[in-house]
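The values are calculated or read from the model by the stated rules, or taken from the named source; none is laboratory data. No experiment lies behind these values; they were computed from the predicted model shown. Note: accessible area is taken over every heavy atom of the protein model, side chains too, but ligands, DNA and RNA are not part of it. Shrake-Rupley method; radii C 1.70, N 1.55, O 1.52, S 1.80 Å.
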Amino acid sequence: GGGFYAAGGEIVLDNCSAICTGATSWFVPLSISSSGKMTVNSGSYTIEPVDAANGQYLAYVMNSGGELVINGGTFNGTVASGNALKACGLICADTGAKVTLNGGTYNSNGAILDMRNNLGNASKNPSALLAGGDYSNDPRVSGLYSSNLITVADGKTVAQGANGRWTVE
């Protein structure tokens, strides 16, 4: 659970804010489960630190399924300095999850996405579609799990700019 939780229903976030610092265990500011859907249009969302070993992500679409659509907003997370899982992602898409990133600004010293399948059911792999956004890291690379589950929308490209940031346009 956490700040905003779509459990089988639908939540639309416009100009909201969620800040989580020093959390332990499974506190997640944006949670989706049980075929719930969350659409984020704008706002600012932060978690410090991100620590996959203790279940912390900024957004987590759980292994019971669900959908996260991000159209805009700013998303910040710093992976804990002592965390051996420094590759872990800012957003986790678990078994059966669907994530679409249409826009937004993503800032993390770790990966942006973590594609995983906790239940091990290959017929229910998660998916992530990159259709826009500005990223601190290459958004096509999954934190700890399968990068092949992340795709770029037709007609879009992923490029790194002179400032070191990545864009999907």
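A few remarks follow.
- Average accessible surface area per residue within the chain, 1.4 Å rolling probe, Å²: 41 Å²
- Averaging the sequence gap over all C-alpha pairs within less than 8 Å and six or more residues apart, then dividing by the number of residues, gives the chain a relative contact order of 16 percent.
- Stretch gain in nm, segment Thr167-Ser146, where the contour uses 0.36 nm per residue and the Cα spacing is subtracted: 5.5 nm
- Surface composition of the chain: carbon and sulfur atoms hold 49% of the protein heavy-atom accessible area at a 1.4 Å probe.
- When Kirkwood radius over Cα pairs in Å is calculated for this entry, the matching label among (1) 15.3; (2) 18.9; (3) 16.7 is (1).
- Phi-based couplings in Hz for the stretch 118-130 (Karplus 6.51, -1.76, 1.60; Gly and Pro marked x): 4, 8, x, 9, 4, 7, 10, 4, x, 9, 9, 10, 9
- Put simply, the amide H of Gln56, placed in the peptide plane, has neighbours under 5 Å in Asp51, leaving out anything fewer than 5 places away on its chain.
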